[in-house]
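The values are calculated or read from the model by the stated rules, or taken from the named source; none is laboratory data. Worth saying up front: this structure is predicted, and the values here are computed from it rather than measured. Methodologically, a virtual Cβ is constructed for each residue, glycine included, from the backbone with ideal geometry; neighbour enumeration extends over all protein chains shown. Side chains are part of the model used for accessible areas, which takes the heavy atoms of the whole protein and leaves out ligands, DNA and RNA. Shrake-Rupley method; radii C 1.70, N 1.55, O 1.52, S 1.80 Å.
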Amino acid sequence: MNWLVQVVEVTGFALQTLLTRKGASAATVIGIAGVVAVLVGVLSIGQGFRKAMTVSATPDSVIVLRSGADSEMMSGLSRDETRVIADAPGVARGASGAAVSAELFVVIDLPKRSTGTDANVPLRGVEAGAFEVRRNLEIVQGRNFEPGKNEVIVGAGAAVEFAGLDLGKTLRVGQNDWLVVGIFTAEGGIAESEIWTDAGVLQPAYRREDSFQVVYARLTSPEAFDAFKDALTTDPRVNVKVLRQTDYYADQSSTVYNMITGLGTLIASLMGLGALFGALNTMYTAVSSRTREIATLRALGFRASPVVFSVMIESMVLAFLGGGIGSAGAYFAFDGFRAATMNWQSFSQVAFAFEVSPSLLLQGMLYAAGIGLVGGLFPAIRAARLPISVALREL
Amino acid sequence: MSNDVLVHVRNVEKRFRRGSEDIHVLSGLSLEVPRGEFLALMGPSGSGKTTLLNLIGGLDRPTGGSVEIEGERIDGFSDRKLAAWRARHVGLVFQMYNLLPVLTAERNVDLPLLLTHLSRQERRRHVEAALAVVGLSHRARHFPRQMSGGEQQRVGIARAIVTDPTLLLCDEPTGDLDRKAGDEILDLLQVLNREQGKTIVMVTHDPHASARASRTVHLNKGQLSTEAVP
């Protein structure tokens, strides 16, 4: 009989004995499930955060900052500069004009609904072109603000996370009252964490005179980027840096994303170590309780390597069961769970939903498989190395 | 060498190392077993009976000397070759039956046949025949836990003979059975020896069991002894 059939047969016997070792097997499965759930759960925070930061960005949209500025907070542009930028080649035009918006960005304090503690919430002044630049933006309740009025529209994420942002409520910031006239969505993107108003109203309220911080624009195509950038970076009237929004937001989310991912990986590694010992213990016990059985098979003429594989496969089956349960648990518990956290690069809160993506589930399963592989390897080698004559004498 | 000699053990030594100490289990032992013989190996605990049986069955290798079965030296075989040789030439009967508890009697008996190239139907025929020989056709679908010790041992014997091996090696086959069940097993072994011509080497403590063999040899401190040792 060929080797593969021996593997199948020996593994079949091993898996049939799993039920007779329910307790230890269940402990291993649950241990691995816990590790995978935590890994996937924590990484889904980073994934969700990054998605919120990058989902709205398209390859044809760009952001223009003052040269040397790394974020909107640190940038500043004059009215004249924003006009030069708006006239640069490659800017797309929509139904309501050029897809370009000069914007300013301030941070206001609002209490979190969950804890009541104050948090930094971005209040963005935009021009009419903002809706041509971010075409995924949709008013889902109420209406858009009217230019020249102290009216705001609120991102759906911010409306959920922060108190006082319900439709029809008046928001008092500094000396000014702002009426919430609409709630908008942006496919879960960063804009949903913000409050928007007319830039022309926000400038005097914050004594910004006629200055802005940033220009957002949509180009006719992603390929138009180089010409647009070259035109601006070689124009002596402006001193700016031009970035694709995809690159800008990826960079803006990197600190928090890396921190969450690093922390998640560290926690999962430590827990994984515990689960690994659990799996090792279970498989050593399994091998030990089947020592005579394995020895009998080998005495009858079954080779050692199918025994190694059968132990490995048994361990992997337990690991995949645990991985599957952990992944499913993480998906149902965390996917779509809404939260807000500080983005250290903009010093403002970002509302986002945890994202348990297929790649994260795959990562969880691979982690479980790794635990199963290592957890099964040493017991398998022990099972194969124990001399038959010695193993036959074990009870 | 006479053609009638099936098992030829020449001057074998077997040492085990325990810590820094060498333990000599077999010392220069030689033994011949003619084809068709029913040989009983007797001796006190630790005399080396089971070790000798394991060497003859290719479950272990001697530290020195040679083991020849049907003219073939098996002590130099690789693990892989030895496993294949055991599957083809040796039937093993254990004191504790060593049945797989998750398999029915017929699937336990089928185990050695999985190592052959027989078709499923051919295997089934062999299994039915082996179970008929041991008188357990009606228990084919039963699990070991549903059978008495004597019945389990008969399944063990069916598993040992299902491939029609050259040599049947039994390690205390009645050691875990009451007298009546033990007698039935010994009857069965005698039938296999006399009617099917099986060469049997049986390790036993029990003079009652060894009395059924055609010859008895005694081991003491790793060597053959002419006298029974209490």
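Side notes on the structure shown:
- Looking only at the range A:185-198, and only at residues there that are touching a helix residue (DSSP H, G or I) at 6+ places or on another chain (Cβ under 7 Å) and outside any strand (DSSP E or B), the one that is surrounded by the most Cβ atoms within 10 Å (Cβ to Cβ): A:I190
- Taking the range A:202-310 as the region of interest, the helices (runs of 4 or more DSSP H) fully inside it that hold 2 or more residues being modelled with pLDDT under 85 and of a type in the set (G, A, S) are A:254-289.
- Test: B:R120 is more than 9 Å from chain A (Cβ to nearest Cβ), modelled with pLDDT under 95, surrounded by fewer than 18 Cβ atoms within 10 Å (Cβ to Cβ) and out of contact with any strand residue (DSSP E or B) (no Cβ under 7 Å at 6 or more places or on another chain): yes
- Residue in the range B:59-81 that is most open to solvent (accessible area, probe 1.4 Å), counting only those that are within 9 Å of chain A (Cβ to nearest Cβ) and over 15 Å from B:V25 (Cα atoms): B:R80
- Failed criterion for A:F49 (all others in (1) touching a residue at least 60 places away in the same chain (Cβ under 8 Å); (2) farther than 30 Å from A:Y367 by Cα hold): (2)
- Single unsatisfied condition, B:G135 versus (1) under 30 Å from A:L18 (Cβ atoms); (2) more than 13 Å from chain A (Cβ to nearest Cβ): (1)
- Restricting attention to the range B:41-58, the residues that are touching a Pro at 6+ places or on another chain (Cβ under 9 Å) and more than 14 Å from chain A (Cβ to nearest Cβ) add up to 2.
- Residue count for the range B:82-98, restricted to those that are polar (S, T, N, Q) and surrounded by fewer than 18 Cβ atoms within 10 Å (Cβ to Cβ): 0
- Annotation: of all residues in the range A:153-184 being of a type in the set (D, E, K, R) and touching a residue at least 12 places away in the same chain (Cβ under 8 Å), the one that is least open to solvent (accessible area, probe 1.4 Å) is A:E161.
- For B:V25: the one exception among (1) within 12 Å of chain A (Cβ to nearest Cβ); (2) not in a strand (DSSP E or B): (2)
- A:M365 satisfies every condition listed in (1) touching a Gly at 6+ places or on another chain (Cβ under 6 Å); (2) buried (at least 21 other Cβ atoms within 10 Å of the Cβ); (3) within 30 Å of A:Q47 (Cα to Cα) except (2).
- The set of residues in the range A:88-124 that are loosely packed, with under 13 Cβ neighbours inside 10 Å, on the phi < 0 side of the Ramachandran plot, part of a loop (DSSP other than H, G, I, E, B) and over 25 Å from the mean Cα position of the chain (by Cα) comprises A:P89, A:A95, A:S96.
- Qualifying residue in the range B:24-31 (condition: open to solvent by 10 Å² or more (accessible area, probe 1.4 Å), under 19 Å from the mean Cα position of the chain (by Cα) and not aliphatic (A, V, I, L, M)): yes
- Residue that is open to solvent by less than 40 Å² (accessible area, probe 1.4 Å) and on the phi > 0 side of the Ramachandran plot, where the choices are B:G222, B:G182: B:G222
- Which listed residue is part of a strand (DSSP E or B) and open to solvent by less than 30 Å² (accessible area, probe 1.4 Å), from A:V62, A:V36, A:V140: A:V62
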